[in-house]
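A.B. asks: Mind looking over this structure? Questions follow.
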Amino acid sequence: MSRLETLNSMPAADAARELLAACGSREWARRMAAARPFCSESDLLDAAERTWITLDREDWLEAFAAHPKIGGPASGQAAREQSGAAGASAETLHGLAAANREYEERFGRIFIVCASGKSAEEMLDLCRRRLHNDPREELAVAADEQRKITRLRLERWIGGESTVDRRQATGGKEGSVE
């Protein structure tokens, strides 16, 4: 049985818990579980994007909070996604830490970027540039970055890669979606 078929056959609460590995918003996971069955990978990916854009700000912030800081300690999927930061110089890592702090002070949340394929220097540059966005514009940019992350995670999951530890996907809390 394919992963998609397995997802389609799970009880809704189990499916929602599985989906939390792709996006840390419990509301997104609940809505996705309710949208099943998915006929194909593209059906799942389209539903994921449609669902994401209909969420409210608080749901987006919940998803953002499930991520480790760029350049900080990460495990599982996040470590793989942020692998560009792994070999960064001490100077770049200090720059990322300072930019992350400044971003959090300005916007009240961690810096979100689809880090896959990006070097630490690229992520640092993006963070510094995005610090100049107004809060409303930056929320939209961060939400689009989360959309990209979710899509990549779902594509990997369908392709057979392991999902992230549910505690990481929910910001360190057990993954209850009830």
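The values are calculated or read from the model by the stated rules, or taken from the named source; none is laboratory data. The model shown is predicted, which means the values in this text are computed figures rather than measured ones. Here the Cβ is made from the backbone with ideal geometry for all residues, glycine too, and neighbour counts use every protein chain on show.
A.B. asks: Filter the helices (runs of 4 or more DSSP H) completely within the stretch 16-91 down to those with at least 1 residues that are at pLDDT below 95, within 28 Å of Pro135 (Cα to Cα) and of a type in the set (D, E, K, R).
C.D. replies: Working: elements: 26-35, 41-54, 57-65, 76-81.
It comes to 76-81.
A.B. asks: Taking Glu18 as the residue in question, decide whether it is of a type outside the set (Phe, Trp, Tyr), more than 14 Å from Leu154 (Cα to Cα) and crowded, with 16+ Cβ neighbours inside 10 Å. Spell out the reasoning first.
C.D. replies: Values: of a type outside the set (Phe, Trp, Tyr): yes; more than 14 Å from Leu154 (Cα to Cα): no; crowded, with 16+ Cβ neighbours inside 10 Å: yes.
No: the conditions fail for Glu18.
One line per residue, one yes/no per condition, for (1) of a type outside the set (Gly, Ala, Ser); (2) in contact (Cβ under 8 Å) with a residue 40 or more places away in the chain; (3) touching a Lys or Arg at 6+ places or on another chain (Cβ under 8 Å):
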position	(1), (2), (3)
Arg17	yes, yes, yes
Ala22	no, yes, yes
Arg30	yes, yes, no
Arg36	yes, no, no
Cys39	yes, no, no
Asp46	yes, no, no
Ile53	yes, yes, yes
Trp60	yes, yes, no
Phe64	yes, yes, yes
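A.B. asks: Quick check on my filter: what residues within the stretch 99-140 are among the aliphatic types (A, V, I, L, M) and either farther than 19 Å from Ile53 by Cβ or surrounded by 15 or more Cβ atoms within 10 Å (Cβ to Cβ) (or both)? Write out each step before concluding.
C.D. replies: Looking only at the stretch 99-140, we keep the residues that are among the aliphatic types (A, V, I, L, M), and these are 99, 110, 112-113, 115, 120, 123-124, 126, 131, 139-140.
Answer for the stretch 99-140, where residues must be among the aliphatic types (A, V, I, L, M) and either farther than 19 Å from Ile53 by Cβ or surrounded by 15 or more Cβ atoms within 10 Å (Cβ to Cβ) (or both): Ala99, Ile110, Ile112, Val113, Ala115, Ala120, Met123, Leu124, Leu126, Leu131, Leu139.
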